[in-house]
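One structure below.
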Amino acid sequence: MPRELDAEVAVIGSATVGSMLMWQLARRGVQAIGFERHAPGHDRGAVGGETRLFRMAYAEGAQYGELLRQAVRYWRELEVESETALLVQCGGLAIGELSGAYIDQLLVERADGGRPIEVFDRRAAHDHYPNNLLRGGEVAVLDRQAGFLRCEPAVIAAAETAEQHGATLLRHTRVDEVLERGRPRRDPRRQCGVAGARRGCCAPDRGPGGCCRRPGGRTSRPGACR
Ligand SMILES: Cc1cc2nc3c(=O)[nH]c(=O)nc-3n(C[C@H](O)[C@H](O)[C@H](O)COP(=O)(O)OP(=O)(O)OC[C@H]3O[C@@H](n4cnc5c(N)ncnc54)[C@H](O)[C@@H]3O)c2cc1C
């Protein structure tokens, strides 16, 4: 096979996680090779569709605060590098019962100093957002930094920017199997990243350090699995 397949890290799947991983590795100078059974930006993965919600007010736990701030930084960096608009922070409203678990948690996190939100009771919500009808007992919580991500362009931007930084991405290349080498890795830097909710189709839970068998029985790096 004439194509050079050697790399420090192999990434299987180049959608939400895989494309961003490739971008982050490549911009740090790590040699990465990606395998994607379709092409970045396809509509057959979890990432398919035009947009995904982005929120800074996150009721799922205070530990997400720093991650979300970092995420905004990275989205803005990717926008600059790819010259593509990806994250639109137009603000977002969450509507629910004041005593409900979701709103309650948002308020707890605000009290902890974490999340910049504004709370509107039913009357104030009607004045500011008359197209949203609140029921008795409900409030509207405004997260000014919420918005949406253009997810398919985001995946394409990350994959192409990774390639510009020197990563190799094999499109329309499905990985069927990830093999153990059966003994300690000679090169501890070489790893195998697996992306996607259905990763079991190609990689049972074996952890890093495997190698990839492409359809037809070839390994991703001939010789790596000896
Ligand atoms: C309806 C819906 C709404 C959502 N809303 C939001 C939201 O508002 N905000 C939010 O943050 N998240 C949201 N999510 C979750 C988010 O979209 C997913 O968590 C995310 O896309 C998962 O990314 P992933 O890279 O793990 O998987 P995927 O995006 O599915 O990527 C897996 C990739 O691996 C490739 N692949 C799989 N097997 C192989 C193989 N054997 N060989 C080569 N390539 C392979 C696939 O083709 C695919 O490109 C939503 C998800 C859904 C379904």
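The values are calculated or read from the model by the stated rules, or taken from the named source; none is laboratory data. The model shown is predicted, which means the values in this text are computed figures rather than measured ones. Here the Cβ positions follow ideal geometry from the backbone for every residue, glycine too, while neighbour counts run over all protein chains shown.
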**Prompt:** Going by the conditions given, is Ala71 assigned by TED's automatic domain parsing to the domain that holds Gly137 and either within 17 Å of Arg171 (Cβ to Cβ) or buried (at least 18 other Cβ atoms within 10 Å of the Cβ) (or both)?
**Reply:** no
**Request:** Quick one: in segment 21-35, of everything that is out of contact with any helix residue (DSSP H, G or I) (no Cβ under 7 Å at 6 or more places or on another chain) and outside any helix (DSSP H, G or I), which residue is nearest to Ala146 (Cα to Cα)?
**Result:** Arg28
**Prompt:** Restricted to segment 34-68, and to residues that are surrounded by 18 or more Cβ atoms within 10 Å (Cβ to Cβ) and more than 12 Å from the ligand (Cβ to nearest atom), which residue is nearest to the chain's Cα centre (by Cα)?
**Reply:** Met56
**Asked** Wholly within segment 109-206, which strands (runs of 3 or more DSSP E) include no fewer than the required count, namely at least 3 residues that are modelled with pLDDT under 95, within 16 Å of the ligand (Cβ to nearest atom) and surrounded by 15 or more Cβ atoms within 10 Å (Cβ to Cβ)?
**Response** 177-179, 191-194
